[in-house]
């Protein structure tokens, strides 16, 4: 029961964050990346387990690409279907800068409550 | 949903396709393509493990088929809502009738009707040449590779046609081709393609695009030239009366009957209004044709949910055993 509550909360949180993280990963990368590679980078940054299911990044990549935040090209692959390599656009970079600010603001706001919860309760009682 | 965890890529894709049942067929094709790219890359990245060992862990990394299906449905809905420009629907009948001029889809569909003649000729030539050469060469050894090459070209062209139709009519079409599975030799692949219903519907679509393209082109050219001529008529008459150039109403309708309508100039405003109505009807017609054509193209070019990559008998047997 607790486990499913946790997962539900994590899923709701991820809604907008996946796009932000994907843009950030592609902005930092010096080369074009394809879906599987991005998934593995995210996982390795978090000790091998990704916070979101890697299957969920593909539709988001496609949505970002449809919004002109990413461009893509197709390269044949030996292991499976041709891979789509993504690169961030100028528009994507400016959107990323905006989203970063929003995220920083949201994070600070949430931290104000969750980090100092104990001491606040102490003061009010 | 209670079901056995997939043990092979084929099983995973089959479950994902079932989970996406009822979703747009183009969305399903994209989702299957993405999943296959990931799963095959994951299997290739672990050469020491068997396919079923890799698949065992897939639910915790890529996600179980039902989770992935939900992600695709949700993202599609959000993106569609974000990309659609909110448009005020006019309430009056006249507003709805003339509102078509504000709909960009009507213009792009009209453009598509012009373009359909050119693309129709190209598709027709491609299909006729490819088919006849495939049949003719089938007695020689190069017949099979030629047929495979012809089918590969058809797949690419049908994807491009899908992108064109999505751009022109706004109907969701696949953004990824259908992946035919790892190479299994000429004969196996040729047999699969011959059995695949979509192979034949794609070729039928290409052949049908020539007559369809001709009809669209004629409708668009005739409709536009007649309606624009009629609309231009009153303007021309007014300008000639004002002495901009030497023409009178009687010169437009020298011998037209009945005389009382044309020679008194009574018909001129009526014809102008008729031209405007005709042009508006043409825009409606173009938009309607665009929608119908998108449905037609989707039924012919996009794999049905029931088909898709051909399952091997081995994986089907494994699924029954579970």
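Summary of computed values
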quantity: Shape of segment A:2-115, Cα gyration tensor, a/c cut at 1.5; calculated: oblate
quantity: Additional length obtainable on full extension of the chain from residue B:5 to residue B:74, 0.36 nm per residue less Cα span; calculated: 22.5 nm
quantity: Degrees between helix A:2-28 axis and first principal axis of chain A (Cα, 0 to 90, nearest 10); calculated: 50
quantity: Förster-model FRET efficiency, 41 Å R0, residue B:93 and residue B:295, C-beta, rounded to 0.05; calculated: 0.95
quantity: Estimated distance in nm for a label pair at residue B:121 and residue B:277, the labels positioned 7 Å out from Cα along Cα-to-Cβ; calculated: 3.6
quantity: Cα centroid of segment B:93-145 to Cα centroid of segment B:15-31, whole Å; calculated: 26
quantity: Pairwise label distance in nanometres, residue B:131 with residue A:12, each label 7 Å out on the Cα-Cβ vector; calculated: 5.7
quantity: Shape of segment B:1-44, Cα gyration tensor, a/c cut at 1.5; calculated: oblate
quantity: Estimated FRET transfer efficiency when R0 is 30 angstrom, pair residue B:225-residue B:156 (beta carbons, to 0.05); calculated: 0.25
quantity: Simple label model, 7 Å out from Cα along Cβ direction - residue A:4 to residue A:103, nm; calculated: 3.1
quantity: Degrees, to the nearest 10: A:57-66 long Cα axis against longest axis of chain A; calculated: 70
quantity: Max mean-square fluctuation residue, GNM over chain A, Cα-Cα springs under 10 Å, options A:37, A:28, A:115; calculated: A:115
quantity: Protection proxy ranking of B:204-213, B:18-27 - average other beta-carbon atoms within 10 Å, highest first; calculated: B:204-213, B:18-27
quantity: Shape category assigned to segment A:8-71 from the gyration tensor of Cα positions, a/c cut at 1.5; calculated: oblate
quantity: Exercise: per-residue mean of other protein chain Cβ atoms within 10 Å, A:40-46; calculated: 1
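Here, each number is a calculation from the coordinates, and none is a lab measurement. Because the structure is predicted, anything quoted here is derived from the model rather than measured. Backbone-built Cβ (ideal geometry, glycine too); neighbour counts: all protein chains shown.
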